[in-house]
Amino acid sequence: MKKWFQEIVLETAHVKLIPIKEEHKDDLIVASLDGNLAELWYTSVPTVDTITAYISKALKDFEEDKGLAFVVIDKKTNRIIGTTRYTNATAEHRRLEIGYTWYAQSYQKTHINSECKLLLLTHAFEALKAIAVELRTNWYNFPSRNAIARLGAKQDGVLRNHQILDDGSFRDTVVFYIIESEWKACKRALHYKI
C-alpha cells in the first residue's frame, strides 16, 4: 500500500516548509532560544537535551506513515525559525492533526503562522484529501488557543486530565477541528488575513 505522506516542500513568497532532518538540530535550538521557548511550562519546545529524541520521533512517525514534520524557514533571512508537523494521522480515515508548532518569539503574532497553516491545510485537504484536521493545545496556552481560533478552527472540546506532566500536574488539552465542508470558507478567510 502506498504511503499517505511523501516528503514534500511547501512554500509561499515568505515562508518555506521542508522535511525535518537530523542536521536541523542546532538551528532549531537557536530558534528556540529566541524567547527562551523551552522555559514555557504549557508547551513542549525541545532543549539541547531533548532535541535528538524530538527529531527521532518525527522521523519514526514518517516511516510509520503517522506524520510528516517540517522545519519552518523565513525566506527573507533563509533561517530556520521553528517547526510544525502533521501528526497522529490515520490514513484509512483520512484524519490528521497539525501540531508540534512553535516559532521563535520574534516571529510570533506575524504572518508566519497564517502562511504555514494555509500551506499545511491546503495540502491536507486538497492533496491528501483529509476529511478532518485536528489542532490541540494546552488549556493554559492562551496565545495558541487564540491563534488556532483565528485560523477558523472550531473548538470541539476539552480532554480533561489528558496528560501527566513532568512535574506531576495534569494537562487539560483543548481540541479544535476544521472539517472538509468548512475548508473552502476557512481558506478564503486565511487568504484574506494574509
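I'd like the full set of residues that are of a type in the set (D, E, K, R), surrounded by fewer than 13 Cβ atoms within 10 Å (Cβ to Cβ) and either modelled with pLDDT under 95 or assigned to a loop (DSSP other than H, G, I, E, B) (or both), limited to region 22-51. Full working, then the answer.
In the first step, residues of region 22-51 are kept if they are of a type in the set (D, E, K, R); the result is 22-23, 25-27, 34, 39, 49.
In the following step, the residues that additionally are surrounded by fewer than 13 Cβ atoms within 10 Å (Cβ to Cβ) were identified as 22-23, 26, 39, 49.
Hits for region 22-51 are Glu39, Asp49.
Evaluate the following for Leu135: is it within 30 Å of Val30 (Cα to Cα) and either aliphatic (A, V, I, L, M) or loosely packed, with under 13 Cβ neighbours inside 10 Å (or both)?
Details: within 30 Å of Val30 (Cα to Cα): yes; either aliphatic (A, V, I, L, M) or loosely packed, with under 13 Cβ neighbours inside 10 Å (or both): yes.
Judged against the criteria, Leu135 is a match.
I need every pair where a residue in region 111-130 that is closer than 15 Å to Ala147 by Cα has its Cβ under 6 Å from the Cβ of a residue that is surrounded by fewer than 16 Cβ atoms within 10 Å (Cβ to Cβ) and basic (Lys, Arg), sequence separation at least 6 or different chains.
Matching pairs, first to second residue: Ser114/Lys193.
What are the residues in region 7-57 that are in contact (Cβ under 8 Å) with a residue 24 or more places away in the chain, in contact with a strand residue (DSSP E or B) (Cβ under 9 Å, 6 or more places away or on another chain) and farther than 22 Å from Asn113 by Cβ, if any?
Matches in region 7-57: Glu7, Lys21.
Mind checking whether some residue in region 63-79 is surrounded by fewer than 20 Cβ atoms within 10 Å (Cβ to Cβ), in contact with a strand residue (DSSP E or B) (Cβ under 9 Å, 6 or more places away or on another chain) and part of a strand (DSSP E or B)?
Yes, region 63-79 contains a residue that is surrounded by fewer than 20 Cβ atoms within 10 Å (Cβ to Cβ), in contact with a strand residue (DSSP E or B) (Cβ under 9 Å, 6 or more places away or on another chain) and part of a strand (DSSP E or B).
The values are calculated or read from the model by the stated rules, or taken from the named source; none is laboratory data. Predicted model only: the values in this text are computed from it and were never measured. Cβ sites come from the backbone with ideal geometry, for glycine too, and all protein chains shown count toward neighbours.
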